[in-house]
Amino acid sequence: MGSGRRRGTLAGRIALVTTAVAAVAVLVAGLVSLSLVNGAGDADARRTLSALADAAAEGAGGNGRLGDGSVALGRQRTRNQLNALKIDFTFLTRSGATSGGPADGLASRALTGAERAEVVAGRSMSLTRSVGGVRTLVEARPATVGGVVLAQSISDASFAGAAVRRIALSLLIGLAVAALAGVLLARLLARPLRQAATTAHLLAAGARDVRVPPEGPAEVAEVADALNSLSAALATSEGRQREFLLSVSHELRTPLTAITGFAESLADGVTTGPEVQPVARTVLGEAHRLERLVSDLLDLARLGAQDFRIDLRRVDLTALMETAGEVWRARCEAVGVVGRTDLPHHPLLCVTDPTRVRQIVDGLAENALRVTPAGRPVVLGLYQTQGSAPGTAVIQVRDGGPGLSPEDLPIAFERSVLYERYRGVRQVGTGVGLALVHGLTTRLGGSADAGRAPEGGACFTVRLPLQPAPDAITVPLPRPGPAGGGSVAAPGAR
């Protein structure tokens with residue numbers, strides 16, 4: 001559901017950021033350039049005006065060697081040259097009065113009376129001041145006839161104004177180019193992200209054959225690869241779920257068909273008298289089978305949930321395995337299978353959930369009994385690893401059934417894999433039991449693996465961490481048998 005307010009697009013934000021960065025860069029560059037250009041322009045104008053002032057003073061008879069006619073001619077020549085350069089020019093008489101220039105000109109108003117007197121007295125001046133509101137460069141030089149004053153507006157003297165205009169134009173063009181580049185970059189980056197978002201929406205809608213082309217920068221291409229991997233993983237997962245549902249529905253249908261058929265026979269009066277009790281037992285057995293299947297499915301579904309209940313307490317695994325052994329010995333004898341236990345003669349303490357441990361043992365034992373032919377053994381064993389303190393409890397369920405192939409061992413605990421592989425070949429369960437055993441073992445902090453048993457069938461091993469006990473006796477694991485990867489029963493197995 002939307003947030004209610006419109007979010008800005010990534011392309012818009014990238015374009016805005018790049019434009020803002022370019023604008024800041026232009027502003028900083030403009031300020032620095034303006035300062036440098038203005039300073040350089042003023043300095044160059046000052047040097048030029050100073051040189052012209054020296055020349056004007058010389059032309060006005062500053063060395064005292066020219067005659068009066070020559071002085072007049074030099075003054076006129078100097079005035080013409082300076083007027084062409086937009087430089088205001090005036091002479092100073094020996095009394096300090098201005099002469100030869102307009103009374104309202106910049107040069108006539110540039111100096112005070114005291115300053116003109118100082119120039120006539122022999123002092124040169126270089127000033128920058130405001131004359132009539134105009135920022136003006138002023139150069140005054142003494143001369144034989146009195147002095148000369150040159151004044152020029154900085155706007156006329158310096159090249160800074162034209163340079164600043166050109167720089168400003170260049171910076172504005174650069175800003176426009178940067179903004180355009182930012183927009184193009186934003187669109188380039190946003191396009192594969194939009195494709196990724198579209199693909200994600202299609203995945204959410206149920207499509208599984210969509211792919212995102214890995215375009216753009218490495219990070220964006222990585223997002224595309226991740227979405228493609230997610231699509232493939234979803235397709236695989238949903239395929240397994242469909243297979244699992246098919247297998248579970250098949251297993252549910254079998255007891256339901258039996259229950260329905262026998263219940264109809266009872267309801268229709270077809271089964272009466274002494275036949276009722278066997279039919280009722282069959283219905284009850286199928287109902288128990290159905291209940292176990294539903295319980296396993298619920299436990300398997302809850303394993304990943306935070307509220308899956310684990311009640312940890314101090315447990316004697318030896319006593320727990322003895323109780324389980326008595327139950328499964330009787331069940332084995334009922335179908336002609338040899339039930340045995342291989343347990344230590346002392347308590348083996350562990351902090352765990354006894355209900356879940358018993359659920360693990362019962363699941364493995366039921367799986368073993370299902371595939372073990374009459375006359376062959378099913379062994380429940382309990383051992384302790386050597387060389388560790390407090391050590392690890394090792395629970396084993398071994399059988400004399402057909403066993404597992406080397407290809408079966410790595411995937412034995414994957415849900416429904418063995419069921420699909422051996423359905424119709426030999427007795428199989430629902431495909432849930434071994435997956436539930438692995439999940440429960442993991443939640444208890446242990447590990448589970450499959451191997452070959454010396455009895456000829458499969459060996460399922462569950463390892464759980466033990467409670468520290470200084471006086472505990474180490475019970476070694478059985479020696480490997482000739483079948484490879486399995487164990488032989490310890491002497492004194494019961």
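The values are calculated or read from the model by the stated rules, or taken from the named source; none is laboratory data. Because the structure is a prediction, the values reported are computed rather than measured. Note that each Cβ is placed from the backbone with ideal geometry, even for glycine, and that neighbours are counted across all protein chains shown. Heads up: the accessible areas ignore ligands, DNA and RNA and are worked out on the full protein's heavy atoms, side chains in. Shrake-Rupley method; radii C 1.70, N 1.55, O 1.52, S 1.80 Å.
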I'd like to verify a number: residues in the stretch 199-218 that are in a helix (DSSP H, G or I) and open to solvent by less than 50 Å² (accessible area, probe 1.4 Å), how many?
3
Residues located in the stretch 136-151, provided they are of a type in the set (S, T, N, Q) and modelled with pLDDT of 85 or more
136
I'd like the full set of residues that are open to solvent by 60 Å² or more (accessible area, probe 1.4 Å) and of a type in the set (S, T, N, Q), limited to the stretch 311-327.
323
Hey, residue 475 hits all of (1) modelled with pLDDT under 55; (2) surrounded by fewer than 16 Cβ atoms within 10 Å (Cβ to Cβ) but one; which does it fall short on?
(2)
Under the condition of being buried (at least 20 other Cβ atoms within 10 Å of the Cβ) and small (Gly, Ala, Ser), which residue from the stretch 343-375 is nearest to residue 310 (Cα to Cα)?
363
Can you tell me which residues in the stretch 86-108 are surrounded by fewer than 20 Cβ atoms within 10 Å (Cβ to Cβ) and outside any loop (DSSP other than H, G, I, E, B)?
99
Selection within the stretch 36-54 - modelled with pLDDT of 70 or more and loosely packed, with under 14 Cβ neighbours inside 10 Å
36, 43, 47, 51
Under the condition of being assigned to a strand (DSSP E or B) and farther than 11 Å from residue 374 by Cα, which residue from the stretch 311-338 is nearest to the chain's Cα centre (by Cα)?
313
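If you go through the stretch 5-16 one residue at a time, do you hit one that is open to solvent by 60 Å² or more (accessible area, probe 1.4 Å) and at pLDDT 70 or above?
Yes, the stretch 5-16 contains a residue that is open to solvent by 60 Å² or more (accessible area, probe 1.4 Å) and at pLDDT 70 or above.
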Among the listed residues 394, 378, identify the single one that is open to solvent by less than 10 Å² (accessible area, probe 1.4 Å), at pLDDT 90 or above, over 17 Å from residue 449 (Cβ atoms) and part of a strand (DSSP E or B).
378
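Look through 181, 140, 117 and report the one residue that is assigned to a helix (DSSP H, G or I), open to solvent by less than 60 Å² (accessible area, probe 1.4 Å) and either touching a residue at least 24 places away in the same chain (Cβ under 8 Å) or under 30 Å from residue 226 (Cβ atoms) (or both). Show your work before the answer.
Working: 140 fails: assigned to a helix (DSSP H, G or I); 117 fails: either touching a residue at least 24 places away in the same chain (Cβ under 8 Å) or under 30 Å from residue 226 (Cβ atoms) (or both).
That would be 181, the only listed residue that is assigned to a helix (DSSP H, G or I), open to solvent by less than 60 Å² (accessible area, probe 1.4 Å) and either touching a residue at least 24 places away in the same chain (Cβ under 8 Å) or under 30 Å from residue 226 (Cβ atoms) (or both).
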